[in-house]
Every structure is written in C-alpha cells, then in structure tokens.
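Read the structure below first, then the notes.
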Amino acid sequence: VYQSLDRELHKHISHRVTLQESQTWLSAMQERLQLHHYQASLWSPGVSQAVGVVQPTLSLLPPSRVELEQGRAALLCLATGGFPSDWKLGWKVGGSSRSAGVSDSPGVLGKDGTYSRSSALTLPADQWRKAGSVSCEASRSGQTPVTQTLNPDQCSE
C-alpha cells in the first residue's frame, strides 16, 4: 500500500493534476490505509506503542496549470510517516502564517503505526505568483518543525 501511495504521489506531482483530483485520490488512499490498519491490528495489536516520536515526511504539490489558468492556485501538502498523531500542519505565504483558504484532512493511522494527513491551501493565482515562497510546516510541541517550501518562480506553469 505504501509503495502504491508513493508511486501515485509522484504521478500526481509529475502530471500536475487538479486539487480536486488529488483530494479524491487521497480520500481513496485514506480508506485503503484504514482498512490495512484494521487488518494489521488483528495481527499485531499495540504496534504503535513500540514507536517513538517520528517526524513526518512532507511532500508539497504545486498548483496545476489548469487551476492557474482559472485564476486560483491550489497547493497540497501530504505528511506521511509521523508519530504520534498530534503533528499539526500549517502554511506560510511569503513568510507569514496563513489560515484562510486552508482545508485539512484528519490523520490516518497506517499499518506501521505511523500517521498520514494532508492539508490544502487555495490562493488567488496572483497571490501565488507574488508570494516569493509558500511553505507547509509540520509541528509538534517540543519537536523541531519539518518544513517543505515552494518558490513560485521556480515552478513552471
């Protein structure tokens, strides 16, 4: 399942699909991950108790050309492999925290005992182009934050 998730994630990045397509795919993957977690819990209860604090890995998808042509920029941040479940995702646009236009998904527990979650940020296309940088940050009290940043001028339209 996790190899499939990684393969599909790279497909979505390379094809620059729309946010709606990415969210549909993520919802389907979350259902698959929940099913696999349920099956794994039948065989290995308490797997998550054996895991220490694990920083998630962040993948940040830029807006698609189609969305930019429609006047909006939707970015998707996927955090995978974090533990425990209380890692939070946040956004910065041009270095300033941003909460408007953010849509978060609940965390999904994987069969390895780690959590995955996603967050989407939608901006007007002109704000994306002028932002300088857009960052997704995973944070947890007492831990060093994990950050992934995109620079609009380095993303081809």
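The values are calculated or read from the model by the stated rules, or taken from the named source; none is laboratory data. These numbers were taken from a predicted model, which means no experiment stands behind them. Cβ sites come from the backbone with ideal geometry, for glycine too, and all protein chains shown count toward neighbours. To get the accessible areas, we keep the full protein, side chains included, count just its heavy atoms, and leave off ligands, DNA and RNA. Shrake-Rupley method; radii C 1.70, N 1.55, O 1.52, S 1.80 Å.
Observations
- Accessible area of the stretch 46-132 divided out per residue, in Å², using a probe of 1.4 angstrom: 45 Å²
- P(r) weight above 25 Å for the stretch 52-157, C-alpha pairs, percent: 21 percent
- Computed from the Cβ-Cβ distance with R0 of 22 Å, the FRET efficiency linking Thr149 to Glu69 stands at 0.35.
- Segment Asp126-Val53, extension gain: residue separation times 0.36 nm, minus the distance between their alpha carbons: 22.4 nm
- Cα convex hull of the stretch 114-157, projected area averaged across orientations, nm²: 4.4 nm²
- Rolling a 1.4 Å probe over the protein heavy atoms leaves Arg72 with an accessible area of roughly 100 Å².
- Where a label projected 7 Å from the Cα of Ser141 along Cα→Cβ would reach, residues of the stretch 53-87 with amide N under 19 Å: 53-56, 83-87
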